[in-house]
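The values are calculated or read from the model by the stated rules, or taken from the named source; none is laboratory data. For clarity, every value in this text was computed on a predicted model and none was experimentally measured. Please note: Cβ atoms are built from the backbone with ideal geometry, for glycine as well, and neighbour counts cover all protein chains shown. Side chains are part of the model used for accessible areas, which takes the heavy atoms of the whole protein and leaves out ligands, DNA and RNA. Shrake-Rupley method; radii C 1.70, N 1.55, O 1.52, S 1.80 Å.
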Amino acid sequence: EKGKTSSYTATMTLTSKKGKNRVREVVMRSKDYGDTKKSILAFTLPKDVAGVGYLMFEYDDRADGTTPDSDNWLYMPAMKKVRRITGSDKGDDFMGTDFTYEDMGDRSLNKDTYTLLGEESVDGFDCWKIECKAKDKTEKVPRRIVWIRKDNYMLSKAEFYDRQGKLQRTLSCTGIKQIDGFWTTQSMLMKNVQTGHSTLLEMKEIQFNQDLSDSLFTVATLERGSLR
């Protein structure tokens, strides 16, 4: 269960193979309209990425079992231009991080087929180990393995495999606790095992069911470069 709205600030720490860190600050807001979830993210620091914004419209599955493609826009202040992120781009790295554009949203259950591989413990919590294979074989990540906690159905960790069947990335989720009555992940570490690069996303100032204006979730807000 999730709130009708959510908001947080976050620190993104990008670490190179040699151990060099780059730190970014972002703010994010989201609102559930029933059949559509709208989310907007804006970078605030450092100066070279400040004002970069990303807007997502994600749609519920249709009654016939099909899933409409999400609508996604990226705003780059240096170019003063909004770019539409199409389906072929959604598997690309998001702003040089180890997360993809698709990782920044919620993946529809209808996009995969599932196999229960077993049960394992992660960080002391019993989990289901599930294989997820993309129905669309052209996806850049056609196979994932996820560990879902039995007590609260939260994702504990995941493995992402490339088209050659090789492990590409690993995800570790920690700091999972209830905030305002909703189970929430506060820290996500994505590692690219092929390049040695990693991204740590740490959420803070997390709030649910706050009053968020509909005007936030527009291309005009993206172009403004900040979430007020």
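For segment 87-115, taking the residues that are of a type in the set (D, E, K, R) and assigned to a loop (DSSP other than H, G, I, E, B), the one that is least open to solvent (accessible area, probe 1.4 Å) is identified as Asp98.
Scanning segment 116-173 for residues that are open to solvent by 80 Å² or more (accessible area, probe 1.4 Å) and touching a residue at least 40 places away in the same chain (Cβ under 8 Å) yields a count of 2.
In segment 82-98, the residues that are closer than 24 Å to Thr11 by Cα and in contact (Cβ under 8 Å) with a residue 60 or more places away in the chain reach residues that are of a type in the set (D, E, K, R) and open to solvent by less than 40 Å² (accessible area, probe 1.4 Å) with C-beta atoms within less than 7 angstrom, at least six apart or across chains, in these pairs: Asp98/Arg169.
Report, by residue number, each residue of segment 57-86 that is surrounded by 14 or more Cβ atoms within 10 Å (Cβ to Cβ) and outside any loop (DSSP other than H, G, I, E, B).
Filtering segment 57-86 for residues surrounded by 14 or more Cβ atoms within 10 Å (Cβ to Cβ) gives 57-61, 67-68, 70-77, 82, 85.
Matches in segment 57-86: Phe57, Glu58, Tyr59, Asp71, Asn72, Trp73, Leu74, Tyr75, Met76, Val82.
Taken together, the residues in segment 31-57 that are at pLDDT 95 or above and acidic (Asp, Glu) amount to 1. Restricting attention to segment 1-40 and to residues that are assigned to a strand (DSSP E or B) and among the acidic types (Asp, Glu), the residue that is most open to solvent (accessible area, probe 1.4 Å) turns out to be Asp32.
With respect to Phe43, is the statement that it is closer than 15 Å to Asp106 by Cα, of a type outside the set (Lys, Arg) and not in a loop (DSSP other than H, G, I, E, B) true? Here the answer is no, as Phe43 does not meet what is asked.
Restricting the first member to segment 200-228 and to residues that are basic (Lys, Arg), and the second to residues that are assigned to a helix (DSSP H, G or I), the beta-carbon pairs closer than 9 Å and six or more apart or on different chains are Arg228/Leu216; Arg228/Thr221.
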